[in-house]
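Engineer: Sharing a structure here in C-alpha cells format.
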Amino acid sequence: MWTVLDDAEKDVIAPDFAAALDAVPGARAAWDSFPRGVRKLGLTAIAMARRPGTRAARIAKIATDAGNGVRPS
C-alpha cells in the first residue's frame, strides 16, 4: 500500500489510461494541458480504485471528461 500512489506522484500514465485518452478525440491534448496538480488528482482516483470495474469506470469518465475539457474533480 505504501507505493500505490508512486505513479500518480511521478505523473506516470498507465497504459490502459493512455489508450483511453487516445481513443477520445481531444482528450490527450486536454489532459496534457491540465495543471500537474489536476492530473495528479485524476491519476490518484484511478490508482485508488479497488476493483477492476471501478478502475475502468474511472478511466472512462476521466478520459471522456478530458475530451470535453472538464478537469477531474
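Just so it is clear, none of the values below were taken in a lab; they were calculated from the coordinates. Owing to the predicted nature of the structure, the values given are computational and were not obtained by experimental measurement. Using ideal geometry, Cβ is built from the backbone for each residue, glycine included, and neighbour counts are taken over all protein chains shown.
Engineer: Among Trp31, Gly42, Ala20, pick out the residue whose Cα is farthest towards the positive end of the charge dipole of segment 6-67, where Lys and Arg carry +1 and Asp and Glu carry -1 on C-beta, about the Cα centre.
Structural biologist: So the residue we want is Gly42.
Engineer: A further question follows. With a length cut of 20 Å (Cα positions projected on each helix's long axis) and a Kyte-Doolittle mean of at least 1.0, go through the chain and give me the DSSP H helices that pass.
Structural biologist: Sorted by number, there is nothing, because no helix extends far enough and scores high enough.
Engineer: If you don't mind, another one. Tell me the mean residue ellipticity at 222 nm calculated for the chain from its helices only (DSSP H runs of n ≥ 4, each -39500 (n - 2.57), averaged over every residue, nearest 500).
Structural biologist: One gets -19000 deg cm²/dmol as the mean residue ellipticity at 222 nm.
Engineer: List the chymotrypsin sites (Phe, Trp or Tyr not before Pro) within the chain that DSSP assigns to loop and that have no more than 11 neighbouring Cβ atoms inside 10 Å.
Structural biologist: Trp2
Engineer: Using alpha-carbon pairs under 8 Å, 6+ residues apart, how would you state the relative contact order of segment 6-67 in percent?
Structural biologist: So the answer I get is 49 percent.
Engineer: With +1 on each Lys and Arg Cβ and -1 on each Asp and Glu Cβ, how big is the dipole of the chain about its Cα centre, in debye rounded to the nearest 20?
Structural biologist: Roughly 240 debye, rounded to the nearest 20.
Engineer: Let me ask something additional. How about segment 30-73: which trypsin sites (Lys or Arg not before Pro) there lie in a loop by DSSP and see at most 14 other Cβ atoms within 10 Å?
Structural biologist: Those satisfying the criteria are Arg50.
Engineer: Here's something else I'd like to know. Does segment 6-67 come out rounded, prolate or oblate, given a ≥ b ≥ c as the square roots of the eigenvalues of its C-alpha gyration tensor, rounded meaning a/c under 1.5 and, failing that, prolate meaning a/b above b/c?
Structural biologist: oblate
Engineer: Once you place label points 7 Å from the Cα toward the Cβ at Thr44 and Asp16, how far apart are they in nm?
Structural biologist: Each label point lies 7 Å from its Cα, and together they span 2.1 nm.
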